[in-house]
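Before any comments, here is the structure.
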Amino acid sequence: MYDTPPRHLTLPPVERTLLDWFADDYDHVFIAFHPFFRVPGYSPATAAFGPIHADLREVVEYAGLTDAVMARPNEAPEGFEDEIKQSGEPVRWDEVQRLVGASDFNLFARTAWLWTIGADRPDQDGPITDALDRLVARGLYKPEEDTMPVVMEPMIHRYLNAIGAEEVTIWSELRDAQETIHAEAFAAENPPVRLPEAHVSAISCDSPRMLIAWNFDGVEAFVCIPDEVRRLAAPERFFEGRYAGTDTYVDWLNPTDLFKRKLSRPS
């Protein structure tokens with residue numbers, strides 16, 4: 001356990017680029033998108049899953065709504081996460097982009113992210129949001145946010161096998177809880193991977209050296225690896241996504257000028 005988690009286990013603050021932050025530990029950061037997904041026999045209309053976001057326009061009218069527990073009559077049944085892991089069907093972002101008719105991937109991705117986390121900003125696209133709502137009505141689940149998605153676990157299992165990682169350590173968001181588990185735990189036939197009283201916010205391995213980390217309000221995993229691990233198994237063979245460039249920040253879907261940034265490592 002750490003009083004202050006070391007850099008190789010944590011994501012950077014928004015002012016530092018990903019590659020700058022990890023320069024001493026990893027050569028590459030692959031941004032793996034959390035999949036949209038379908039579950040045979042279920043839909044968001046009959047088995048709602050994921051956090052409940054209050055409509056920000058209603059908060060003024062219903063004071064305190066964001067602090068209340070909001071019940072849904074169509075809440076997913078107990079054990080639904082097991083169902084997602086065993087039979088969930090990942091749907092790629094580029095496929096959803098095609099379905100909503102969006103020509104600009106960056107605009108689509110920003111809108112899909114803001115729509116998923118329940119934000120309301122002027123830089124998201126209204127027609128894309130409406131089209132995403134229609135897809136949900138037809139049975140598409142939103143990407144999970146914040147932590148490791150259940151539907152992604154079988155992908156992670158295949159990736160860990162490919163790089164030869166037999167045991168990994170799973171971490172809580174603050175890196176104040178951890179557990180070492182066998183990579184087989186991520187296989188589809190096993191229960192969802194969880195820490196006691198905590199979701200999984202990072203997976204690390206020392207041999208081979210690797211970090212997969214999740215960010216608060218994020219819809220992506222950051223796969224951080226040195227050159228030799230990329231040569232073993234390139235992450236794009238297992239996940240949909242893109243590599244971070246020298247100017248890519250952890251909040252890569254935000255406009256760069258949203259925060260004060262540092263472009264290079266301090267001397």
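The values are calculated or read from the model by the stated rules, or taken from the named source; none is laboratory data. Here the structure is a predicted model, which is why all the values come from computation and not from measurement. Glycine gets a Cβ as well: all are built from the backbone with ideal geometry, and neighbour counts include every protein chain shown. All accessible areas refer to the heavy atoms of the entire protein, side chains included, with ligands and DNA or RNA removed. Shrake-Rupley method; radii C 1.70, N 1.55, O 1.52, S 1.80 Å.
Of all residue pairs spaced 6 or more apart or on separate chains, those with beta-carbon atoms under 9 Å, a first member in region 70-92 that is assigned by the TED database to the domain that holds P44 and within 14 Å of R38 (Cβ to Cβ) and a second member that is open to solvent by 40 Å² or more (accessible area, probe 1.4 Å) and among the polar types (S, T, N, Q) are A76/T46; K85/N190. Among the conditions (1) at pLDDT below 95; (2) in contact with a Lys or Arg (Cβ under 7 Å, 6 or more places away or on another chain); (3) closer than 29 Å to G88 by Cβ, the only one that L253 does not satisfy is (1). In a residue-by-residue description of region 116-136, the property of being closer than 28 Å to D24 by Cβ and open to solvent by less than 10 Å² (accessible area, probe 1.4 Å) applies to no position.
For region 31-41, a residue qualifies if it is under 19 Å from E145 (Cβ atoms) and touching a helix residue (DSSP H, G or I) at 6+ places or on another chain (Cβ under 8 Å), and the qualifying residues are A32, F33, H34, P35, F36, F37, V39.
Can you find even one residue in region 118-134 that is touching a Gly at 6+ places or on another chain (Cβ under 7 Å) and either assigned to a loop (DSSP other than H, G, I, E, B) or at pLDDT below 95 (or both)? So far as region 118-134 goes, no, none of its residues is touching a Gly at 6+ places or on another chain (Cβ under 7 Å) and either assigned to a loop (DSSP other than H, G, I, E, B) or at pLDDT below 95 (or both). Can you tell me how many residues within region 160-176 are within 18 Å of D227 (Cβ to Cβ) and not small (G, A, S)? Residues flagged as within 18 Å of D227 (Cβ to Cβ) and not small (G, A, S) within region 160-176 amount to 1. Of all residues in region 159-213, those satisfying the criterion of being touching a helix residue (DSSP H, G or I) at 6+ places or on another chain (Cβ under 8 Å) and polar (S, T, N, Q) are N161, N190, S204. When you look at V96, is it open to solvent by 20 Å² or more (accessible area, probe 1.4 Å), out of contact with any His (no Cβ under 6 Å at 6 or more places or on another chain), more than 19 Å from N254 (Cβ to Cβ) and not assigned by the TED database to the domain that holds R231, yes or no? When the stated conditions are applied, V96 does not pass them.
Among the residues of region 122-166, the one identified as closer than 30 Å to S207 by Cβ and in contact with a Ser or Thr (Cβ under 6 Å, 6 or more places away or on another chain) is T147.
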